[in-house]
1. For residues that are small (Gly, Ala, Ser) and part of a helix (DSSP H, G or I), scanning just the range 72-118, find the one that is farthest from ILE24 (Cα to Cα).
2. What do you reckon, is GLN33 out of contact with any Gly (no Cβ under 9 Å at 6 or more places or on another chain), in a helix (DSSP H, G or I) and modelled with pLDDT under 90?
3. Looking at the range 43-75 only, could you name the residues that are among the aromatic types (Phe, Trp, Tyr), surrounded by fewer than 13 Cβ atoms within 10 Å (Cβ to Cβ) and at pLDDT below 95?
4. Condition first: of a type in the set (A, V, I, L, M), over 30 Å from PRO46 (Cβ atoms), out of contact with any His (no Cβ under 8 Å at 6 or more places or on another chain) and exposed (fewer than 13 other Cβ atoms within 10 Å of the Cβ). Can you find one or more residues in the range 79-90 that meet it?
5. If I go through the range 36-71 residue by residue, how many of them are closer than 27 Å to GLU112 by Cα, outside any helix (DSSP H, G or I) and of a type in the set (A, V, I, L, M, F, W, C)?
6. Can you tell me which of (1) modelled with pLDDT of 90 or more; (2) surrounded by fewer than 11 Cβ atoms within 10 Å (Cβ to Cβ) is the one GLY16 doesn't meet?
Amino acid sequence: MRQGCFQLTGACTLPGNCQDVKEIFEVLGRFVQVRRPGEWLVDVFPQLASSKLFDMVSNWRRVGRSFYEADRQVFLKFWNRMKEDIANGTAPHCFGKEFIQSDLDKHGIDSEQAAWIA
């Protein structure tokens, strides 16, 4: 992803005018929102995660799910683009390219898991 950030910023001519960079910063923004230990009460008391009553009074699971879905879409977009670039022979040498070309099935890694890794 870091290599991708450098490649993306080099491809964008106007600061703040590149959708890919905006999406990466949105992912980072969501990460920053939840990275602090204790941000959610369930971080302090993990047993609350299995409580249906707690889910009724706290939005931690709904917010987490929405963050996951938003980040998932971004990562899958980049993953699918990398696969297309490899098929077209235009992908640069990077970790993502090597990772896609490795035998992911042999290691039990599906496309969604691979998108999060690469």
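The values are calculated or read from the model by the stated rules, or taken from the named source; none is laboratory data. Keep in mind it's a predicted model, so treat the numbers as computed, not measured. For neighbour counting, all protein chains shown are included, and Cβ atoms are generated from backbone atoms with ideal geometry for every residue, glycine included.
1. ALA87
2. Criteria met by GLN33.
3. First, pick out the residues of the range 43-75 that are among the aromatic types (Phe, Trp, Tyr): 45, 54, 60, 67-68, 75.
Filter once more, keeping what is surrounded by fewer than 13 Cβ atoms within 10 Å (Cβ to Cβ): 45, 68.
Matches in the range 43-75: PHE45 only.
4. So the first thing to find is which residues in the range 79-90 are of a type in the set (A, V, I, L, M), and the list is 82, 86-87.
When the remaining residues are screened for being over 30 Å from PRO46 (Cβ atoms), the result is 82, 86-87.
Retained after the next criterion (residues that are out of contact with any His (no Cβ under 8 Å at 6 or more places or on another chain)): 82, 86-87.
Add one more test, that the residue is exposed (fewer than 13 other Cβ atoms within 10 Å of the Cβ), and what stays is 87.
Yes, some residue in the range 79-90 is of a type in the set (A, V, I, L, M), over 30 Å from PRO46 (Cβ atoms), out of contact with any His (no Cβ under 8 Å at 6 or more places or on another chain) and exposed (fewer than 13 other Cβ atoms within 10 Å of the Cβ).
5. 1
6. Result: GLY16 passes all but (1).
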